[in-house]
Amino acid sequence: MASLHVIDHPLIQHKLSIIRDQNTGPKEFRELLEEVSMLMAYEVTRNFAVEEIEVETPVATARCWTISKTKIAVVPILRAGLGMVGGILKLIPTAKVGHIGVYRDPESLQPIEYYCKLPSDINERELIILDPMLATGGSAIAGIQFLKQRGASQIRLVCLIAAPEGIQNVQAKHPDVDIYVGAVDECLNSHGYIIPGLGDAGDRLFGTK
Ligand code: PRP
Ligand code: URA
């Protein structure tokens, strides 16, 4: 079974409180989501492989560490995952970016896939899936399935807020995928919204409501 990592660093918790606030508008929401994603990237990359190198300083040879030449791709789940891409790329600027379009049918809460464009060598890359909200888990499960069908095997899922139900469902379907979250909330309401959550992430990010 892969692990659940709750990244409860004070900076993340502080910024997350402002993101949750219904009075926070799209501009600030976008900026904060990007900042929090960058902070989360620090923890998400913690177990990346490193190798020893020698560097000539002005006075001596230093034995140092460099990140091994791991190929990485970040894959936002459209739409709201887009808000996390910039922050992750600040720390992993050489990562390629794939896109998966999945929306949740508001009646059935079932995920509907509508777009997919991925780097051609997806099977050789470590993948970091991005979506701020893990509610029922349907969108993440479908997104992960999508990537596996195309040959991906090393996958991490990064979400800002998760419901316990979503975590459980993803772990049951994809026990090999490590999940990183900023907070685990209480539950889902009858419309599948995370309680207390932050509302509709896509709408708040893009100002569509
Ligand atoms: C939101 C969110 C996740 C999904 C989570 O997207 O960004 O993708 O819901 O819910 P789930 O875990 O129950 O699947 P939404 O379907 O609202 O699409 P959008 O990003 O285009 O607004
Ligand atoms: N999608 C969102 O954007 N918010 C929720 O609370 C649940 C699903």
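The values are calculated or read from the model by the stated rules, or taken from the named source; none is laboratory data. Predicted, not measured: the structure shown is a model, and the values here were computed from it. Quick reminder, even Gly has a Cβ in these numbers, built from the backbone with ideal geometry, and neighbours come from all protein chains shown.
For the reader, a short list of remarks on this structure follows.
- Number of positions in the stretch 99-110 that are touching a residue at least 40 places away in the same chain (Cβ under 8 Å) and either near ligand 1 (Cβ under 8 Å from one of its atoms) or assigned to a loop (DSSP other than H, G, I, E, B) (or both): 4
- Some residue of the stretch 120-136 being of a type in the set (A, V, I, L, M, F, W, C), touching a Pro at 6+ places or on another chain (Cβ under 7 Å), outside any loop (DSSP other than H, G, I, E, B) and near ligand 1 (Cβ under 10 Å from one of its atoms): yes
- Scanning the stretch 25-58 for residues that are touching a residue at least 24 places away in the same chain (Cβ under 8 Å) and among the polar types (S, T, N, Q) turns up SER37, THR45.
- Close contacts from the stretch 188-209, counting a first residue that is free of Cβ contacts under 8 Å to residues at least 24 places away in the same chain and more than 12 Å from ALA163 (Cβ to Cβ) and a second that is near ligand 1 (Cβ under 10 Å from one of its atoms) and not in a loop (DSSP other than H, G, I, E, B), with Cβ to Cβ under 6 Å and a gap of 6+ residues or different chains, come to LYS209/ASP203.
- Any hit, the stretch 99-113, residues being within 16 Å of ligand 2 (Cβ to nearest atom), on the phi > 0 side of the Ramachandran plot and at pLDDT below 95: yes
- Residue match in the stretch 59-70 (condition: in contact (Cβ under 8 Å) with a residue 24 or more places away in the chain and not in a helix (DSSP H, G or I)): yes
- Flag if ARG150 is touching a residue at least 12 places away in the same chain (Cβ under 8 Å) and more than 21 Å from MET40 (Cα to Cα): yes
- Test for ASP203: is it modelled with pLDDT of 95 or more and either within 13 Å of ligand 2 (Cβ to nearest atom) or under 21 Å from ILE18 (Cβ atoms) (or both): yes
- Hey, LEU157 surrounded by 21 or more Cβ atoms within 10 Å (Cβ to Cβ) and in contact with a Phe, Trp or Tyr (Cβ under 8 Å, 6 or more places away or on another chain) or not: yes
- Positions within the stretch 22-59 being charged (D, E, K, R) and surrounded by 12 or more Cβ atoms within 10 Å (Cβ to Cβ), in sequence order: GLU28, ARG30, GLU31, GLU34, GLU35, GLU43
- Single unsatisfied condition, VAL85 versus (1) within 16 Å of ligand 1 (Cβ to nearest atom); (2) farther than 26 Å from SER3 by Cβ: (2)
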